[in-house]
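Since the structure comes first, as structure tokens, the remarks are kept for the end.
The numbers here are math on the coordinates, done by the rules we state, and not lab data. Keep in mind it's a predicted model, so treat the numbers as computed, not measured. Cβ: placed from backbone, ideal geometry, glycine included. Neighbour counts: every protein chain shown.
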Amino acid sequence: MRSYKNRLKNEYKFYSQELLHNLFKHPYTKIEFIVNDLNVSRITAANYLNNLAEDRLIRKEKLGTGNYYINVQLFELLSRRQS
């Protein structure tokens, strides 16, 4: 989470603590989640997520008519099995 925070803070004008928390609340997020959590328009939320996906901080997956944005590092961390 710290590396994401540093990268978001240094490379993106739209950094906010709320955005960081949204990306780590679940292993994926959606435009609607950003709209609600950050109180921004749908277009703004889509731009934020698409920028992060283009820079490979998250992965964009289309499922049905919606897009899901997956925090791959968090997903992998949560998927690891304890031996």
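Return the residue satisfying two criteria in turn: it lies in the stretch 62-72 and is of a type outside the set (Phe, Trp, Tyr) and touching a residue at least 24 places away in the same chain (Cβ under 8 Å), and of such residues it is nearest to residue 29 (Cα to Cα).
70
If you take the residues in the stretch 9-46 that are touching a residue at least 40 places away in the same chain (Cβ under 8 Å) and of a type in the set (A, V, I, L, M, F, W, C), which one is nearest to residue 63 (Cα to Cα)?
By that ranking, first place goes to 23.
When the stretch 13-39 is examined, which residues are found to be out of contact with any helix residue (DSSP H, G or I) (no Cβ under 7 Å at 6 or more places or on another chain) and either on the phi > 0 side of the Ramachandran plot or not charged (D, E, K, R) (or both)?
17, 21, 26, 28, 36, 39, listed by residue number.
If you go through the stretch 52-70 one residue at a time, how many are surrounded by 15 or more Cβ atoms within 10 Å (Cβ to Cβ) and in a helix (DSSP H, G or I)?
Residues meeting the conditions: 2.
Any residue at all in the stretch 33-42 that is within 14 Å of the chain's Cα centre (by Cα), outside any loop (DSSP other than H, G, I, E, B) and exposed (fewer than 15 other Cβ atoms within 10 Å of the Cβ)?
yes
Working only within the stretch 71-83, note down all residues that are surrounded by 10 or more Cβ atoms within 10 Å (Cβ to Cβ), in a helix (DSSP H, G or I) and not hydrophobic (A, V, I, L, M, F, W, C).
Within the stretch 71-83, 73, 76 meet the criteria.
Are any residues in the stretch 17-29 under 17 Å from residue 51 (Cα atoms) and buried (at least 17 other Cβ atoms within 10 Å of the Cβ), and if so, which ones?
Those that are under 17 Å from residue 51 (Cα atoms) and buried (at least 17 other Cβ atoms within 10 Å of the Cβ): 19, 22, 23, 28, 29.
Take the residues in the stretch 18-71 that are of a type in the set (S, T, N, Q) and out of contact with any strand residue (DSSP E or B) (no Cβ under 9 Å at 6 or more places or on another chain), then tell me which one is nearest to residue 3 (Cα to Cα).
Filtering first and then ranking leaves 51.
Residue check, residue 24 against (1) in a helix (DSSP H, G or I); (2) farther than 20 Å from residue 79 by Cβ; (3) of a type in the set (A, V, I, L, M, F, W, C), all met but one. Which one?
Every listed condition holds for residue 24 apart from (2).
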